[in-house]
Amino acid sequence: MSGRLWTRQLGALILKEFRQIVRDPSSYLVAGVLPLLFLLLFGFGISLDPGVLQLAVLNQSGGVHSRGLETAFAHSPWFRTHPVRHMKEAERLMRDSVVQGVLVLHQDMDAALQRGAPAEALLVVDGTEPNVATFMQSYAQGVVLRWQETFPPGGRSVESALRLEPRIWYNPTARSVFFLIPGAITVIMTLIGTLLTSLVFAREWERGTMEAMFATPVSRGQLLLGKLIPYFCMGIFSMGLCGVAAVLLFDVPFRGSVGALLLISSVFMCCALGQGLLISTAFRTQLVAAEAGLFSGFLPALLLSGFVFDINSMPPILQAITRLIPAAYFNTCMRTIFLAGDVWPVFLHGIFFMSLLAAVFLGLTYHNLQKRLDK
C-alpha cells in the first residue's frame, strides 16, 4: 500500500471518529462539562486549610499577664475564643464539637511570671482530627511567641539567642488550593482519558459496526490511530480548559511555560488513552469497559498519585506500585510546573517513565486489536 493511500485511509477514519464525537452528546459532557464540574468540586469542596479554630479558654489566674495572653488569642485571626469558668464546661464544649481545643492558664501563672520564674499553660486539643490538632498547636505556639515579644513578663524584654525566621517557598501563603488544584487536574485528566477511550471499541462491538470495520482494507495501525488521534485532541482541549480554570477561577500561579505543559500533557494523554483503548479491546460491552476504566484509572489516580496521600509516607509495597501509575509522575510534573516553574530534571524523569508506560499500553492494544471475530 502506498503512503498516500495509507494517509487517506487514516484521514477518513479520523474524520469518521470526529463525526461520531460530534453526534454523541456524552462526548461534550466528558470533554467539556465534566472537567469543570470536577475542578469546581475539588477546588471549592475540598480544603486542607483549618479556617477559624474554636478555642475554649479557662483563665484560673486572672492576673494582668494571663488576661493579656487571653486577649492575644482573642485577637488572633486564627482563633475564636470561648471563655469558660470550669474545666467540666470546657470538656462539654469539646465533647459536643463546639471547640477543637482548650487553653488552661494555671492559677499560679501571674505569680510565677512576676517572680521571673517560668510558667506553663496547658493546651488540650481534639485528636479526632489530626490535621486540625496540628494546626492548633502550631498557631497557639505562634500566638504565645508574639505575646512574649509585645507583652514581656514583668515588663522586661527578653532577648533570645536565636531567632528563627521561617520562609515558605513556592506557596508562601500556604494555601491548600495551590496544592489541590494541580493534583485534581491529574485525577480529572486520568478519568477523562480512560473514560473517553474505554468505550470506543466496545461501542463498535455493541452496535455491530466492528465487523464492517474488519471487512475494510484498513490495517490495525490505522484503526488504532484513527481512534487515538481524535480523542487525543479532545483530551488536550480538556487539559487547556482545566489550566485556564485553575489560573482564572482559583488564582493558582502558573510559573512554567505553555510548551512544557503541552509536552507533559501530550505524553500523559498517550498513557491515559492507551490504557482506555487497552480496556476497550479487552471487553465488548460498554458497561463493563466503563467500570474497568473507572477502577483502573480513577481510583489509582485518586489514592496512589500523591494527590491525597504522600507517596513517601506509604508502605514500601505501595510506593513500588506507584511507579507503575502514570498519574503519579503527571501529578509531580503538574505541581512543579504550576508552583515552581520549568524544572526539567523533574519533567524528563516523568516524561521518560510515562513514555514507557504509554508504549506498553499502546503496544498491548495493538496486539489485542486482531481483525478476527473468533478471538
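Values quoted throughout were computed directly from the atomic coordinates according to the rules given, and no laboratory measurement underlies them. Here the structure is a predicted model, which is why all the values come from computation and not from measurement. Please note: Cβ atoms are built from the backbone with ideal geometry, for glycine as well, and neighbour counts cover all protein chains shown.
Tabulated results
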{"item": "Euclidean distance of C-alpha centroids, the range 54-121 and the range 315-344, integer Å", "result": "44 Å"}
{"item": "Within a Gaussian network of the chain (alpha carbon springs, distance under 10 Å), most fluctuating of Leu273, Leu261, Leu348", "result": "Leu348"}
{"item": "Highest average packing first - 191-198, 312-319, Cβ atoms within 10 Å", "result": "191-198, 312-319"}
{"item": "Inverse mean reciprocal Cα-Cα distance (Kirkwood Rh) of the range 170-267, Å", "result": "15.9 Å"}
{"item": "Net length gained if the chain between Val258 and Leu123 were fully extended (0.36 nm per residue, minus Cα distance)", "result": "43.8 nm"}
{"item": "Per residue Cα convex hull volume in Å³ - calculated over the range 231-375", "result": "130 Å³"}
{"item": "At 1.002 mPa s and 20 °C, Stokes diffusion of the range 268-348 via Kirkwood alpha-carbon radius, µm² per second", "result": "154 µm²/s"}
{"item": "For the chain: span of alpha carbons on each principal axis (Å, largest first)", "result": "97, 41, 38"}
{"item": "Point-to-point label distance, Leu324-Ser266, nm (Cα→Cβ direction, 7 Å offset)", "result": "2.9 nm"}
{"item": "Built amide H within the under 5 Å cut-off of Val57, gap 5+", "result": "His82, Val84, Leu103"}
{"item": "Binned Cα-Cα distances of the range 53-155, short to long, each 10 Å bin given as a whole percent", "result": "16, 50, 29, 5"}
